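The values are calculated or read from the model by the stated rules, or taken from the named source; none is laboratory data. Because the structure is a prediction, the values reported are computed rather than measured. Here the Cβ positions follow ideal geometry from the backbone for every residue, glycine too, while neighbour counts run over all protein chains shown.
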Amino acid sequence: MAVACLYTVAFALLAQILKFTDIGIAYALWAGLGTASVAVIGVLFRNERFSWKHAIGLALVVTGVVTLNLQAGQ
């Protein structure tokens, strides 16, 4: 039940963001930040392993999101 509620909130927030930015940018941000958040939550609350490879992957995701935001501002 909690998952359904969280998905509803996520889609509602995505719909709000679409009012201010292009769909390609909004979806990339939504997907990238969601993926990074789930990875961090897994490490913090489910004691999943975290290696340097994971750190590099998350850094690339965050870098991509920041790059998209900077590009959207131009």
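Report, by residue number, each residue of region 44-60 that is assigned to a helix (DSSP H, G or I), among the hydrophobic types (A, V, I, L, M, F, W, C) and either surrounded by 14 or more Cβ atoms within 10 Å (Cβ to Cβ) or modelled with pLDDT under 85 (or both).
First, the residues of region 44-60 that are assigned to a helix (DSSP H, G or I): 44-45, 52-60.
Next cut, among the hydrophobic types (A, V, I, L, M, F, W, C) only: 44-45, 52, 55-56, 58-60.
Residue satisfying the conditions is LEU58 alone.
Considering only residues that are modelled with pLDDT under 90 and of a type in the set (S, T, N, Q), look in region 14-43 and name the one that is farthest from VAL3 (Cα to Cα).
Ranking the qualifying residues of region 14-43, first place goes to THR21.
Would you check if there is a residue in region 4-25 being more than 16 Å from the chain's Cα centre (by Cα), in a helix (DSSP H, G or I) and not hydroxyl-bearing (Ser, Thr, Tyr)?
Checking region 4-25: at least one residue is more than 16 Å from the chain's Cα centre (by Cα), in a helix (DSSP H, G or I) and not hydroxyl-bearing (Ser, Thr, Tyr).
Going through region 42-67 one residue at a time, which ones are among the aliphatic types (A, V, I, L, M) and farther than 21 Å from ALA12 by Cα? Step through it out loud before you land on a result.
Initial filter on region 42-67 (among the aliphatic types (A, V, I, L, M)): 43-44, 55-56, 58-62, 65-66.
Correct list: VAL43, LEU44, ALA55, ILE56, LEU58, ALA59, LEU60, VAL61, VAL62, VAL66.
Can we say THR63 is without any contact (Cβ under 8 Å) to a residue 60 or more places away in the chain and either exposed (fewer than 14 other Cβ atoms within 10 Å of the Cβ) or part of a helix (DSSP H, G or I) (or both)? I'd like the intermediate steps shown before the answer.
Working: without any contact (Cβ under 8 Å) to a residue 60 or more places away in the chain: yes; either exposed (fewer than 14 other Cβ atoms within 10 Å of the Cβ) or part of a helix (DSSP H, G or I) (or both): yes.
The answer is yes for THR63.
Among the residues of region 14-40, count how many are among the aliphatic types (A, V, I, L, M) and farther than 20 Å from GLY64 by Cα. Let's see the steps before the verdict.
We begin by selecting, within region 14-40, every residue among the aliphatic types (A, V, I, L, M); these are 14-15, 17-18, 23, 25-26, 28-29, 31, 33, 36, 38-40.
Next cut, farther than 20 Å from GLY64 by Cα only: 15.
Total meeting the criteria: 1.
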